[in-house]
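**Q** Got a structure for you, questions after.
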Amino acid sequence: MSVVAMKLRNGSGAKGTQEGRDVKIDIRQATLFPLSQMTNTNRNTYAPPWEWVEASVWTPRMLAALETNGVRGGKWHSLIDKVYALQNLYAAWAEVKANKGAAGVDHQTIEHYERDLDANLNKLAAQLCDGNYVPQAVRRVWIPKPGSREGRPLGIPTVRDRVVQTALRNVMEPIFEVGFAAHSYGFRPGRGCRDALRRVEQLLDTGHTFVVDADLKSYFDTIPHATLRERVSMKIADGRVLALLDAFLKQDVMSTIDTTTPEAGTPQGAVISPLLSNIYLDPLDQMMAARGREMVRYADDFVILCRSQDEAEQAMQEVQDWTAKAGLKLHPEKTRVVDATQKGGFDFLGYHFERGCKWPRKKSEQKMKDRVRAITKRTNGQSLRAIIKQLKPILKGWYEYFKHSNRGTWRPLDQWVRQRLRSILRRRCHRKGRGRGADCQRWPNAYFEAQGLFSFVTAAASKGQPSKR
């Protein structure tokens, strides 16, 4: 059985890689149309149409029906056989394997699953065909949340369940993707953080400087199941597909303390969650587009950029009314209207925007520094060259995402990294304290450059960064 290549996507899990590694689609030359003037046929023009779909599922005839809405009653029937088709399961497996990931509650790793792959996938196909497939519990872990004492809950399904969820998404996604609004960028084929950030800059540059900075409180944990299922059933009429989706929504969540059955939400970390989150917020997208609001959304993070304070206040009221009816909550302390031309600004997708400039927000910088600190402890016994080798992908990857920050961002960060390294060298010379002062002459910048240390300033100079901060 041949393995199908990975498709274009901009992240994995419910939040994905929000600060990097998304697909590079250059829309800087695109014409800036009001979203209210866009139709379904010209909304998704940034990537070649249907290049990303699973070919074993979506035939040319089905794709033609998608484009013309040529299905009976506007709903898709008889889809379950597409889900359990072996070609689709093998393609889903290839994506799960490429994404790696930890074992679920059954402790079965990707390597273990692959040892008997053909038998495992044939068994899955038979269970799905016969209606005997039952998802296992999701293993809940908590990951650090930058800038907060609270952790972020992450659900880890078993490998077999990730395969089925991916196969289900391969079937469902094109049905909904064709109608999603242009201002939705998160977890969509051929789109990513960089595209959303470019759109924000375009709007700021054209005078949309009054910004509704919105924050949905615990969005992924509070999506009402009944309403979500109703929205899915508006386009999918296959009862077995809907029952499979219900089974995933009701998966038990197992932690170190107890096991619970969720009454709302989709677990962060589940393959199907990003698509479901976009489906649930699509009516808000469509309402904002119909009213001419310039909204930019990435998953549950969104901003609405307006030309006046009154327009922004009105837009915020519209969002508040919609979320209340949809069973969601806006964070009262984090949802506000700001004037981006004044001190204070707003944060979006890792960047801070203020007075015509942008730079990494404090949490983004702190997250990077925490990773550097873990490698550059003064007690690290590795050679300096080995330490620098570990630092390089971290610093370079962070720069690649934030390279459009203003020039003043970089020198203090370079100085901080070198100070960490000088502190290591100082300790090895049996001196106490941090590496500064005379240590800068003892181990000058050129010394670290010769050891291969990545420099933000050098990288920015080679790219020609903006001069203002």
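The values are calculated or read from the model by the stated rules, or taken from the named source; none is laboratory data. None of the values given here were measured: they were computed from a predicted structure. Don't worry about glycine lacking a Cβ; one is built from the backbone with ideal geometry, like all the others, and counts go over all protein chains shown. For accessibility, only protein heavy atoms count, side chains too; no ligands or nucleic acids. Shrake-Rupley method; radii C 1.70, N 1.55, O 1.52, S 1.80 Å.
**Q** Anything in region 100-133 that is under 28 Å from the mean Cα position of the chain (by Cα), within 22 Å of N88 (Cβ to Cβ) and not in a helix (DSSP H, G or I)? List them, or say none.
**A** K100, G101, G104, Q108
**Q** Go through (1) assigned to a helix (DSSP H, G or I); (2) out of contact with any helix residue (DSSP H, G or I) (no Cβ under 9 Å at 6 or more places or on another chain); (3) open to solvent by less than 40 Å² (accessible area, probe 1.4 Å) one by one and return the number of the condition D161 breaks.
**A** (2)
**Q** For D205, only one of the following conditions fails: (1) under 17 Å from K325 (Cα atoms); (2) more than 18 Å from the chain's Cα centre (by Cα); (3) open to solvent by 40 Å² or more (accessible area, probe 1.4 Å). What is its number?
**A** (1)
**Q** Return the pair list, or none, for Cβ contacts closer than 7 Å from residues in region 445-462 that are open to solvent by 70 Å² or more (accessible area, probe 1.4 Å) to residues that are at pLDDT 95 or above, at least 6 apart or on different chains.
**A** Listed by first residue and then by second, the contacts come to N445/R418; E449/S455.
**Q** Further question: Within region 29-54, track down each residue that is surrounded by 16 or more Cβ atoms within 10 Å (Cβ to Cβ) and either in a helix (DSSP H, G or I) or at pLDDT 85 or above (or both).
**A** Answer for region 29-54, where residues must be surrounded by 16 or more Cβ atoms within 10 Å (Cβ to Cβ) and either in a helix (DSSP H, G or I) or at pLDDT 85 or above (or both): L35, R43, W50, W52, V53, E54.
**Q** Sticking with this one: Being open to solvent by 10 Å² or more (accessible area, probe 1.4 Å) and part of a helix (DSSP H, G or I) is the filter here; which residues of region 423-436 pass it?
**A** Here is the first cut: in region 423-436, the ones open to solvent by 10 Å² or more (accessible area, probe 1.4 Å) are 425-434, 436.
Result: L425, R426, R427, R428.
**Q** Still on this model: Applying the selection to region 216-235, what residues are in contact (Cβ under 8 Å) with a residue 12 or more places away in the chain and open to solvent by 40 Å² or more (accessible area, probe 1.4 Å)?
**A** K217, S218, D221, T222, T227, R229, R231, M234, K235
**Q** Here's a follow-up. Give me the helices (runs of 4 or more DSSP H) completely within region 176-285, filtered to those with at least 3 residues that are more than 22 Å from P157 (Cα to Cα), ordered by residue number. Steps first, please.
**A** Working: elements: 193-205, 219-222, 225-233, 239-249.
The helices (runs of 4 or more DSSP H) meeting that bar are 193-205, 225-233.
**Q** Please verify whether Q251 is out of contact with any Gly (no Cβ under 7 Å at 6 or more places or on another chain) and more than 30 Å from D106 (Cβ to Cβ), treating the condition exactly as stated.
**A** On the way: out of contact with any Gly (no Cβ under 7 Å at 6 or more places or on another chain): yes; more than 30 Å from D106 (Cβ to Cβ): no.
Answer is no for this residue.
**Q** Output the residues belonging to region 254-272 that are of a type in the set (A, V, I, L, M), over 21 Å from H107 (Cβ atoms) and surrounded by fewer than 21 Cβ atoms within 10 Å (Cβ to Cβ). Show your work before the answer.
**A** Residues of region 254-272 of a type in the set (A, V, I, L, M): 254, 257, 264, 270-272.
Filter once more, keeping what is over 21 Å from H107 (Cβ atoms): 264, 272.
The one that is of a type in the set (A, V, I, L, M), over 21 Å from H107 (Cβ atoms) and surrounded by fewer than 21 Cβ atoms within 10 Å (Cβ to Cβ): A264.
**Q** Tell me, which residue of region 71-99 that is β-branched (V, I, T) and open to solvent by less than 10 Å² (accessible area, probe 1.4 Å) is nearest to the chain's Cα centre (by Cα)?
**A** Taking region 71-99 first, the residues β-branched (V, I, T) are 71, 80, 83, 96.
From the residues that got through so far, the ones that are open to solvent by less than 10 Å² (accessible area, probe 1.4 Å) too are 83, 96.
Values: V83: 25, V96: 17 Å.
Step by step, filter region 71-99, then rank; the result is V96.
**Q** Which of (1) closer than 20 Å to M172 by Cβ; (2) open to solvent by less than 20 Å² (accessible area, probe 1.4 Å); (3) part of a helix (DSSP H, G or I) does G155 not meet, given it meets every other one?
**A** With respect to (1) closer than 20 Å to M172 by Cβ; (2) open to solvent by less than 20 Å² (accessible area, probe 1.4 Å); (3) part of a helix (DSSP H, G or I), G155 is out only on (3).
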